[in-house]
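Asker: Following this message is one structure expressed as structure tokens.
We did not get these values from a lab; they are worked out from the coordinates using the rules stated. Note that the structure is predicted; figures quoted are calculated from it, not measured. Note that we place each Cβ from the backbone using ideal geometry, even for glycine, and neighbour counts take in every protein chain shown.
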Amino acid sequence: MSGRYLLDTSILVALFADETVVKERLAQASEVFVPSIAIGELYYGAWKSQRSQENLVRIDELVAESVVLNCNVETVRLYGEIKNVLRNKGCPIPENDLWIAAIALEHKLVVVTRDAHFKVIDKLEVEMW
């Protein structure tokens, strides 16, 4: 297996939990990216956890070792389009996942996740790990 992947927060949490399947699949990937949105979700989780400082250090290390993709004008255009299409379909998904999907579409990346709702987004490639 190889590919260009964008990791959803659910996969990053699994990676922090040291899940073997995630580590093995990442080792086989050709390129791996992390959306800034997922980093924000991780920081939020760290701040509300009982082990805030330990978790903050882990996130900082992840950021230092990763290629983090941010939002730009193209991302916001895609976000608006995706959100409107899903509104018309009657299929809303969590707001942060709309942003992650927009980043993935912009960079032609496969979203790696454990959240099935990504599959309702047209033209978005999704892998469930």
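Asker: Any lysines with Cα under 17 Å of the Lys83 Cα? List them, leaving off those in the same chain fewer than 8 positions away.
Answerer: Once the sequence-local lysines are set aside, what remains near Lys83 is Lys119, Lys123.
Asker: If one computes the Cα centroid of segment 55-129 and of segment 13-54, what distance in Å separates the two points?
Answerer: 15 Å
Asker: Starting from one equal scatterer on each C-alpha and no solvent at all, send me the Debye-based log10 I(q)/I(0) for the chain at q = 0.09, 0.13, 0.17 Å⁻¹, two decimals.
Answerer: At q = 0.09, 0.13, 0.17 Å⁻¹ the computed log10 ratios are -0.25, -0.52, -0.88.
Asker: On to the next question. Students often check this: by mean Cβ neighbours within 10 Å, which of 42-54, 114-126, 93-105 ranks highest, and how do the rest follow?
Answerer: The densest-packed peptide leads the list: 93-105, 114-126, 42-54.
Asker: Further question: Helix 52-65 against the longest principal axis of the chain: what's the angle in degrees, Cα atoms only, rounded to the nearest 10?
Answerer: Taking Cα atoms only, the helix is inclined about 70 degrees.
Asker: Based on DSSP H runs of at least 4 residues, each adding -39500 (n - 2.57), what is the mean residue ellipticity at 222 nm of the chain after dividing by all its residues, to the nearest 500 deg cm²/dmol?
Answerer: The per-residue figure over the chain is -17500 deg cm²/dmol.
Asker: For helix 95-107, what angle does its Cα long axis make with the longest principal axis of the chain, in degrees from 0 to 90 and rounded to 10?
Answerer: Once rounded, one gets 80 degrees.
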